[in-house]
Amino acid sequence: MTDTATSKAANQMWGGRFAEGPDAIMTAINASIGFDKRLYAQDIAGSRAHAAMLAATGILTNKDAEAIGKGLLTVLSEIEGGNFPFRTDLEDIHMNVESRLKEIIGEPAGRLHTARSRNDQVAVDFRLWVRDQCDAAISGLTELMKAFLSQAEAGADWVMPGFTHLQTAQPVTWGHHMMAYVEMLARDRSRFADARARMNECPLGAAALAGTSFPIDRHATAQALGFDRPTANSLDSVSDRDFALEFLSASSICAMHLSRFAEELVIWSSAQFRFVRLSDKWTTGSSIMPQKKNPDAAELLRAKLGRILGATVALFTIMKGLALTYSKDMQEDKEQVFDAADTLMLALAAMTGMVTDMTANREVLAQAAASGFSTATDLADWLVRALGLPFREAHHVTGTLVALAESKGCDLPDLSLADMQSVHTGIRAEVFDVLGVENSVRSRTSYGGTAPEQVRGQVARWKAALA
């Protein structure tokens, strides 16, 4: 097509207001078809619902509505078959679909846009797409939670060190550590579900910004597209991108959780820790050091948060200074959300694979759990329970015993009774019953604690909930 013909085609879509076609640079900066063509299914669904409503209200004849409906299905088939000629000069997915529809069915295509604007059209398309991504995220999170549950169930009674400040604090169980991520991911799931429920209102019918004088039925289009109700204010309908911001915010928090476990995998799989082993599926070698097995997948996943968080900040920045209602700035919303959604789904799939694949080194975990005076708190608790010491005094006595063990190059269970009684004469032999890491974790039976019985109870609760 010649430049003149291209300009003419574009002007036909715009109407008679513009005598000349856009400059090539203006076309490049203005066109969004390069990325918003991802909305084709949502755009066609919205148009079909709109056409059916126009016919039901008598605004459009049944004959024209039927032609439009069939023509749109043809367009859908062409796009899904890879045979659709996307054109930059037509700017966006809406104009591309409508132009092709006119080529297929002729004059009735021009009636489709009655009582509708590109403003409410893109608002409904984008909202439908983001709603689908919330569903996908919830599904991906469910599978990842199941992977963590399997790890937790298998290692409900395996001891490992619990950390604060990345230093050994108290012994916990592997299952308990895995269940911590189940709780995090459950909150992520609920955030996506909450966002989905809040965004499930239909902006179609708000038109450009003020509604329309045509006797449309917005409840009918909302119902046809699976929305709970139509949006209640036409100005807000076309200018709102809260639904996208909520999706990005939930994605950022979720990605942060994935990044935290990715960091643990990087640490745990190191030669210094050896807590877990990742198979060759999720690691790579070094180009120069043959002994290396690098946790590249975990490292890349850890970095993905930056992309998702960056998209969130970008969209907040785009929206923060916009007066009501629609401004062209809002065209920049989609690439951010598309990239974040793709990145999140890839990260969820990769993390599910790594969690399913990883093998915990039970023996190394147990050895680490017993080091670093990890049962010091158990000793202090015993002094309170058995000897009636105030906790602050028990804390002081325990600290003194830790220092004594450290000077002897041993751990607390390795001190003799005489050693302990040199610090406090009331200590009895039964104290050694609480100093082993196995005894320690079994004693933590408070709700939400690390005791194996508590872990198994939480696993059962979540397996039932996810079933």
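The values are calculated or read from the model by the stated rules, or taken from the named source; none is laboratory data. As the structure is a computational prediction, the values presented were derived from the model and not from experiment. Cβ placement follows ideal geometry from the backbone for every residue including glycine, while neighbour counts extend to all protein chains displayed. Note: accessible area is taken over every heavy atom of the protein model, side chains too, but ligands, DNA and RNA are not part of it. Shrake-Rupley method; radii C 1.70, N 1.55, O 1.52, S 1.80 Å.
Restrict the check to region 195-218 and report whether at least one residue is under 30 Å from Glu264 (Cβ atoms) and hydrophobic (A, V, I, L, M, F, W, C). Yes: region 195-218 contains one or more residues that are under 30 Å from Glu264 (Cβ atoms) and hydrophobic (A, V, I, L, M, F, W, C). Scan region 221-263 for residues that are open to solvent by 40 Å² or more (accessible area, probe 1.4 Å), more than 20 Å from Leu309 (Cα to Cα) and part of a helix (DSSP H, G or I) and jot them down. Those that are open to solvent by 40 Å² or more (accessible area, probe 1.4 Å), more than 20 Å from Leu309 (Cα to Cα) and part of a helix (DSSP H, G or I): Gln223, Ala224, Leu235, Asp236. Checked against the criterion of being touching a residue at least 24 places away in the same chain (Cβ under 8 Å) and more than 30 Å from Ser440 (Cα to Cα), region 146-165 contains not a single residue that satisfies it.
Scanning region 46-92 for residues that are of a type in the set (S, T, N, Q), open to solvent by 50 Å² or more (accessible area, probe 1.4 Å) and part of a helix (DSSP H, G or I) yields Asn62, Thr74, Ser77, Thr88.
In summary, Gln367 fulfils each of the numbered conditions (1) in a helix (DSSP H, G or I); (2) buried (at least 19 other Cβ atoms within 10 Å of the Cβ) with the single exception of condition (2). In the set (1) outside any loop (DSSP other than H, G, I, E, B); (2) open to solvent by 40 Å² or more (accessible area, probe 1.4 Å), the condition left unmet by Met178 is number (2). Contact annotation: residue pairs with Cβ atoms under 8 Å, 6 or more positions apart or on different chains, pairing a residue in region 302-324 that is touching a residue at least 12 places away in the same chain (Cβ under 8 Å) with a partner that is of a type in the set (Lys, Arg) and open to solvent by less than 40 Å² (accessible area, probe 1.4 Å), are Leu315/Arg241; Met319/Arg241. When the test is whether a residue is open to solvent by 50 Å² or more (accessible area, probe 1.4 Å), part of a loop (DSSP other than H, G, I, E, B) and either within 18 Å of Ile216 (Cβ to Cβ) or without any contact (Cβ under 8 Å) to a residue 24 or more places away in the chain (or both), Gly110 does not pass it.
Select, from Pro215, Pro203, the only residue that is under 30 Å from Thr57 (Cβ atoms), buried (at least 23 other Cβ atoms within 10 Å of the Cβ) and in contact (Cβ under 8 Å) with a residue 60 or more places away in the chain. Answer to the check: Pro203. For region 306-337, the candidate set comprises residues that are more than 14 Å from Glu246 (Cα to Cα) and hydrophobic (A, V, I, L, M, F, W, C); within that set, the residue that is most open to solvent (accessible area, probe 1.4 Å) is Leu324.
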